[in-house]
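Report on the structure given below.
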Amino acid sequence: MVGIGSRMSTATQNSGGPGSRPSSKDGNKKNIWSSMLDNVASGKRLPEKNIVILGGTPESQREFLETLSSDASDPQLPNERRRGKAVPIANEFALGYTYQDVLDADQEDILARLSIYLLSDPSPTFAPLLRPLLTPQSIPETLVVVLLDWSSPWTWVRQLREWIRLLRSVLITLDDETKIVMEEIMSEWKDKKRGLDPSTAPGVTNSGGPVTIPLGPGEWDEGLGIPLCVVCQGANKIEQLEKENGWREEEFDFILQFMRTILLKHGASLIYTTPFLANSLQSLIHSTLSIHSLLKRQSLKHNVIDRDKILVPANWDSWGKIRIIREGFDIEGVGDAWSIEVQESSWLGNSPAGGEGTQPSALAAEDGTSAVVIYEQTIKDPKQHSATSGSNPHTDRNQIEIETQDMQSFLSQQNEVLEQLKVEDEKDRAAMKIPKQLDMSPDLEESGRVNEHIGPVQFNMGGIQVDADDMLRKLKEREANRTPKKEAAPVTAADEKAHNQALANFFAGLVKKPGGSPRSSPAPGSSS
């Protein structure tokens with residue numbers, strides 16, 4: 001009789017007889033193969049998701065991947081478990097690639113595997129690289145992410161325009177089967193309720209059945225056929241823009257209103273991220289790709305209050321919510337201008353940056369009705385704006401940015417200036433040189449400067465305040481009047497003795513004057 005766990009083919013092959021049973025060794029082989037096949041089957045069942053990252057630099061793309069792979073929900077976990085196994089990233093040339101495994105809340109089970117494709121340049125020559133990524137099987141599991149950076153917010157709309165045009169040029173060349181799948185995907189997204197949680201979403205009848213909410217103005221006007229998410233990195237630079245460029249709330253509100261208006265037309269989501277700080281990027285990306293934890297339910301809540309933590313999920317925004325940010329914003333005009341902007345087809349044969357190969361048809365969109373021009377007229381590049389308005393310092397008082405010069409070039413210029421000044425000083429000294437016989441003695445000149453500061457020298461003699469300088473002057477005048485003038489008479493020792501005796505007599509006379517100190521004159525009747 002054949003055992004329950006044995007196979008007829010195995011028994012026949014091993015023993016050659018229909019009634020023989022497999023040995024224990026054959027049974028172990030069978031169990032090993034079964035487990036291996038089960039593992040392979042479970043691996044095949046692992047959901048495969050795709051993310052196409054457009055824009056940014058290789059460094060900012062790596063920053064995005066680190067933020068996406070990190071799990072800040074449990075800070076007790078070691079970094080290698082929160083971030084998972086480090087995977088090499090090839091994103092230096094053309095279309096890059098890497099992958100990530102999405103782990104469950106316990107960091108043990110793999111929920112899905114992300115195949116990540118990266119492209120930094122929106123040149124039309126890279127369009128053939130994106131086309132094979134979009135197939136009827138891959139499109140339902142694909143998300144497109146456009147990276148922007150707060151280091152240059154004045155370029156956001158121009159960059160986004162180039163990426164949208166590139167995507168549209170790729171999507172219109174796909175086969176009919178792929179386009180049908182894209183239409184189905186867009187229909188599903190449009191039919192989703194505005195609230196992520198159906199129980200809290202508006203438009204629910206008393207019977208509990210959902211009510212279809214019609215699309216509002218400006219919603220899904222320019223659907224791409226694939227989900228889109230715009231990530232604005234480096235929100236910590238907002239404070240720097242305030243301090244260095246003098247930006248105010250008006251500029252930040254205008255950026256937010258403009259971005260939300262044009263993204264609403266594509267049904268895209270928007271998020272501001274800051275490196276090394278917790279944010280909802282992972283929750284937004286996973287929910288868009290329908291990756292949900294089996295252990296922990298992640299909630300995704302919009303945030304339009306904190307200017308550095310903006311989060312606008314898909315199917316949540318509307319014109320009414322955008323208007324209340326700040327009055328005066330022409331939401332209809334911006335929406336219509338953007339629809340014209342992304343439909344420009346002449347760019348495929350021209351330079352995206354508007355170089356020498358740009359045709360007049362491409363430049364026609366750069367007039368006053370262009371969405372890019374409308375945006376850049378308000379959000380200006382501080383460097384270019386300061387260069388054009390540098391002749392008039394009162395054109396914009398908020399522009400206080402200063403361009404620093406290289407240290408070595410600055411020092412070399414200063415050295416040349418010093419050398420030139422030195423040569424000029426030498427010339428001035430040579431032209432104004434005074435003859436020696438007319439030159440004042442350095443000692444006399446210096447003593448004169450000292451006397452100007454210290455003033456006259458005075459002392460007290462017998463109660464009389466005597467000015468020494470004045471006294472010497474008078475003595476010289478007295479001796480000059482007494483002594484007859486002699487031409488070229490040499491000064492002898494007798495003359496010097498007489499001069500000293502005259503000085504002594506003068507001071508003695510001062511001491512014996514009436515009113516002098518009694519101690520300085522002999523008492524009456526005393527012997528000499």
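Taking residues in the range 30-46 that are closer than 17 Å to L111 by Cβ and of a type in the set (A, V, I, L, M), and partners anywhere that are surrounded by 10 or more Cβ atoms within 10 Å (Cβ to Cβ) and modelled with pLDDT of 75 or more, the pairs with Cβ atoms closer than 7 Å and at least 6 places apart or on different chains are L46/I110; L46/A112; L46/R113.
Here is a yes/no grid of residues against (1) touching a helix residue (DSSP H, G or I) at 6+ places or on another chain (Cβ under 9 Å); (2) under 17 Å from L263 (Cα atoms); (3) modelled with pLDDT under 90; (4) assigned to a loop (DSSP other than H, G, I, E, B):
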| site | (1), (2), (3), (4) |
| --- | --- |
| R307 | yes, no, yes, yes |
| F329 | yes, yes, no, yes |
| V334 | yes, yes, no, no |
| L348 | yes, no, yes, no |
| P352 | yes, no, yes, yes |
| E356 | no, no, yes, yes |
| S361 | yes, no, yes, no |
| Q399 | yes, no, yes, yes |
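Among the residues of the range 101-123, the ones that are out of contact with any helix residue (DSSP H, G or I) (no Cβ under 6 Å at 6 or more places or on another chain) and part of a loop (DSSP other than H, G, I, E, B) come to 8 in all.
With respect to the conditions (1) touching a Pro at 6+ places or on another chain (Cβ under 8 Å); (2) modelled with pLDDT of 90 or more; (3) over 20 Å from S318 (Cα atoms); (4) crowded, with 17+ Cβ neighbours inside 10 Å, N245 falls short on a single one, namely (2). Annotation note: of L224, L196, the sole residue that is among the hydrophobic types (A, V, I, L, M, F, W, C), at pLDDT below 85 and not in a helix (DSSP H, G or I) is L196.
In the range 124-148, of all residues being touching a Ser or Thr at 6+ places or on another chain (Cβ under 7 Å) and assigned to a strand (DSSP E or B), the one that is farthest from E162 (Cα to Cα) corresponds to L143. Of everything in the range 54-70 that's crowded, with 16+ Cβ neighbours inside 10 Å and assigned to a loop (DSSP other than H, G, I, E, B), which residue is modelled with the lowest pLDDT? That would be S70.
Which residue is surrounded by the most Cβ atoms within 10 Å (Cβ to Cβ), if the candidates are limited to the range 269-286 and must be among the hydrophobic types (A, V, I, L, M, F, W, C) and farther than 19 Å from L114 by Cβ? Result: L270. Answer with yes or no whether I325 is modelled with pLDDT of 70 or more, in a helix (DSSP H, G or I) and either out of contact with any helix residue (DSSP H, G or I) (no Cβ under 6 Å at 6 or more places or on another chain) or not acidic (D, E) (or both). Criteria not met by I325. Pairing each residue of the range 222-235 that is more than 15 Å from L264 (Cα to Cα) with any residue that is aromatic (F, W, Y) and assigned to a strand (DSSP E or B), provided the two are 6+ apart or on different chains, yields C-beta distances under 6 Å for C232/Y272; A235/Y272. Comparison of V145, V181, V102 shows that the only residue that is at pLDDT 95 or above and of a type outside the set (D, E, K, R) is V145. Hey, among E162, E177, E183, which residue is among the acidic types (D, E) and touching a helix residue (DSSP H, G or I) at 6+ places or on another chain (Cβ under 9 Å)? Result of the check over E162, E177, E183: E162. Take the conditions (1) within 29 Å of the chain's Cα centre (by Cα); (2) of a type in the set (S, T, Y); (3) at pLDDT 85 or above; (4) within 23 Å of V372 (Cα to Cα); S339 misses just one of them, which is (1).
Within the range 199-221, restricting attention to residues that are under 39 Å from the mean Cα position of the chain (by Cα) and surrounded by 15 or more Cβ atoms within 10 Å (Cβ to Cβ), the residue that is modelled with the lowest pLDDT is A201.
Only a single criterion out of (1) in a helix (DSSP H, G or I); (2) farther than 22 Å from E188 by Cβ; (3) of a type in the set (S, T, N, Q) is not satisfied by N279, namely (1).
The values are calculated or read from the model by the stated rules, or taken from the named source; none is laboratory data. Predicted model, so just to flag it, every value in this text is computed and none were measured. With ideal geometry, Cβ positions are generated from the backbone for all residues, glycine too; neighbour counts draw on all protein chains shown.
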